[in-house]
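Inspection log for the structure reproduced underneath, given as structure tokens.
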Amino acid sequence: MIDVRKLGMLAALDRLGTVAAVADEYGLSGPGVSMQLAALEKELGLELTERKGRRLALTSAGKVLADHGHEIVDRVALAEHELTSLRTGSVGRYTLAAFPSAARTFVATACRRVIGGEVPAIELGVTTQEPDDALDAILSGDADLAVIHSYSNIARQTKRGVVTHSLGTEPVWLATRDDAGTTPDDAPARLEDFQDSPWITPESNVSCFAMVERACGLAGFRPRSVAQSMDFAVQLELVAAGMGVALVPDLTVDRIPDGVLLRRTATPIVRTIHVATRSTRVTDPGILRLSRLIEDEAHAELATRARALRAA
């Protein structure tokens, strides 16, 4: 019989990379973790770890067993958590990580309902993070829920141990001056018509920038970025100032500056919004309630914006 706790330590070494990190997670000393792994090797009759410089790494056999360990440990944790939930229900504090335009709109509305007492015995903290950082926070335990996004022209890989649920989609607009471009204002804009234009983009280390580069690349050019900002309101003001053009998701638009047009693109780009949590916590009653609340508000926000678009 394999000792599940020791197997968990082996899986944690695979996930975290160092004995010290495993020791912190399990509340043990480094030598204590090493002794437990050595005991597991002796029990199984296999070399599961090896020294590589100053660090302890997994052997091929160790990696195979660690892969099983990830699933087994998660299933045991899920069973234990479900049992606790059945016995006592869910109370306490939860942390939500959300990208800024979601936090400013439907997440803020959901927080208003939580503070108003619709979710009893729940305290909710919020941080604003880009999707990759938010997913890392889920895996590290720094966040319990995350509202993230993905673009239709860029695939986002789901990380091991994370479960996501789609909340809906929103269009991405090309923002131009009202005297820019070669197509009528109400016609879809071809990005290739703007290959010689200066571009205003997000910072280069986020998926929003990759979306812009990918969209322009498919149109046959690389955008010449003259300004970068993660604040899309700033981007729109710079478009109004005549500095260039920009691609902006609908949820980021609170006000359209004078002289700026938001145009559909000939090749549509959409942004899908998801709520994510760790797979071992999907049945937590508090997380379920908060997820449903966030989903309700996201649907309402996106529907309102869609109606406004049809009426325009």
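The values are calculated or read from the model by the stated rules, or taken from the named source; none is laboratory data. The model shown is predicted, which means the values in this text are computed figures rather than measured ones. Heads up, the Cβs are rebuilt from the backbone with ideal geometry, glycines too, and the neighbour counts pull from every protein chain shown.
Summary of values
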item: Pair list, Cβ < 6 Å and 6+ apart or interchain, from the range 6-19 residues that are without any contact (Cβ under 8 Å) to a residue 12 or more places away in the chain to residues that are among the β-branched types (Val, Ile, Thr) and surrounded by fewer than 20 Cβ atoms within 10 Å (Cβ to Cβ); result: none
item: Enumeration of residues in the range 13-63 that are in a loop (DSSP other than H, G, I, E, B), in contact with a helix residue (DSSP H, G or I) (Cβ under 9 Å, 6 or more places away or on another chain) and among the charged types (D, E, K, R); result: 47
item: Residue 246 touching a residue at least 12 places away in the same chain (Cβ under 8 Å) and in a strand (DSSP E or B); result: yes
item: Test: residue in the range 273-280 that is more than 28 Å from residue 76 (Cβ to Cβ), in contact (Cβ under 8 Å) with a residue 60 or more places away in the chain and touching a Lys or Arg at 6+ places or on another chain (Cβ under 6 Å); result: no
item: Residue that is modelled with the lowest pLDDT [pool: residues in the range 176-212 that are of a type in the set (Val, Ile, Thr) and within 16 Å of residue 227 (Cβ to Cβ)]; result: 206
item: Residue list for the range 142-169, filter: of a type outside the set (Ser, Thr, Tyr), without any contact (Cβ under 8 Å) to a residue 60 or more places away in the chain and surrounded by fewer than 18 Cβ atoms within 10 Å (Cβ to Cβ); result: 142, 155, 156, 157, 159
item: Complete set of residues in the range 226-240 that are under 18 Å from residue 173 (Cβ atoms) and surrounded by fewer than 19 Cβ atoms within 10 Å (Cβ to Cβ); result: 227, 229, 230, 231, 233, 234, 237, 240
item: Among (1) more than 20 Å from the chain's Cα centre (by Cα); (2) in contact (Cβ under 8 Å) with a residue 12 or more places away in the chain; (3) not in a strand (DSSP E or B), the one test that residue 230 misses; result: (1)
item: Answer residue from the range 209-225, given it is within 19 Å of residue 133 (Cα to Cα) and in contact (Cβ under 8 Å) with a residue 40 or more places away in the chain and is surrounded by the fewest Cβ atoms within 10 Å (Cβ to Cβ) among those; result: 210
item: Among (1) hydrophobic (A, V, I, L, M, F, W, C); (2) at pLDDT 95 or above; (3) over 20 Å from residue 235 (Cβ atoms), the one test that residue 163 misses; result: (2)
item: Matching residues, the range 209-223, being under 16 Å from residue 174 (Cβ atoms) and in a loop (DSSP other than H, G, I, E, B); result: 219, 220, 221, 223
item: Long-range neighbours under 7 Å by Cβ, at least six apart or interchain, first residue farther than 29 Å from residue 13 by Cα within the range 122-140, second of a type in the set (S, T, N, Q); result: 125/95
item: Unique match (being touching a Ser or Thr at 6+ places or on another chain (Cβ under 7 Å), outside the structural domain of residue 75 (by TED's automatic domain parsing) and not hydrophobic (A, V, I, L, M, F, W, C)) among 280, 252, 304; result: 252
item: Unmet requirement for residue 131, which otherwise passes all of (1) surrounded by 13 or more Cβ atoms within 10 Å (Cβ to Cβ); (2) at pLDDT 85 or above; (3) touching an Asp or Glu at 6+ places or on another chain (Cβ under 9 Å); result: (3)
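Okay, residues lined up against (1) of a type outside the set (Ser, Thr, Tyr); (2) surrounded by 13 or more Cβ atoms within 10 Å (Cβ to Cβ); (3) at pLDDT 80 or above:
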{"site": "17", "(1), (2), (3)": "yes, yes, yes"}
{"site": "21", "(1), (2), (3)": "yes, yes, yes"}
{"site": "28", "(1), (2), (3)": "yes, yes, yes"}
{"site": "37", "(1), (2), (3)": "yes, yes, yes"}
{"site": "40", "(1), (2), (3)": "yes, yes, yes"}
{"site": "60", "(1), (2), (3)": "no, no, yes"}
{"site": "66", "(1), (2), (3)": "yes, yes, yes"}
{"site": "86", "(1), (2), (3)": "yes, no, no"}
{"site": "94", "(1), (2), (3)": "no, yes, yes"}
